[in-house]
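The values are calculated or read from the model by the stated rules, or taken from the named source; none is laboratory data. Predicted, not measured: the structure shown is a model, and the values here were computed from it. Cβ coordinates were reconstructed from backbone atoms using ideal geometry, including for glycine residues, and neighbour counts include every protein chain displayed. Only protein heavy atoms, including side chains, enter the accessible area calculation; ligands, DNA and RNA are left aside. Shrake-Rupley method; radii C 1.70, N 1.55, O 1.52, S 1.80 Å.
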Amino acid sequence: MVATAVSATWRFTQRHLRFATGAPFPALEHDGDAVDYDDAYDAIVRAMAGAFYGPPRGGVYSPGVQATLYDMGTAALAACAPLAHVELSMPNLHFIPAKAQTEGVQFEDDVYVPVSEPHGLIEACVRRGE
């Protein structure tokens, strides 16, 4: 069961930014080619979503929130060469199966109840090695 919210911020490496007088923001370049900010954003979000969810059939196994955040960060770095680092945070939420007893209805761990412990905010910063 997935019940969370992911927050992500990222920064581009200084060497990929080109400043021009009068421009509202710097241009983004990689290997001399211009990189569109919208395209970079789409690639980053698509990579992180793929690492989070996995393929439609079967998803992706994760041993924990920390591993998921790391996988999302490394996927974003792989998808967008000008990225310097990605910062991610995700609440650590847990649900347990409810063992409901209702006459005439059989439940097979398909009803879940949120629990308050353990809880917390898990954060990660994944940086590109230089």
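Observations on the structure shown:
- Separation in nanometres of the label points that stand 7 Å from Cα toward Cβ, at residue 74 and residue 41: 2.8
- Residue with peak Gaussian network fluctuation, the chain [Cα springs, cutoff 10 Å], from 89, 116, 62: 116
- Per residue, the chain exposes 69 Å² of solvent-accessible protein surface, assessed with a 1.4 angstrom probe and all protein chains in place.
- Calculated FRET efficiency for the pair residue 121/residue 33, C-beta based, R₀ 35 Å, to 0.05: 0.40
- Ranked packing of 15-25, 75-85, most packed first, by mean Cβ within 10 Å: 75-85, 15-25
- Taking the chain and dividing mean pair separation by its residue count, relative contact order in percent (alpha carbons under 8 Å, at least six apart): 27
- Cut-off 17 Å (backbone N to label point 7 Å along Cα→Cβ of residue 66), residues of the range 1-37: none
- Sulfur and carbon atoms: percent of accessible area, the chain [1.4 Å]: 53
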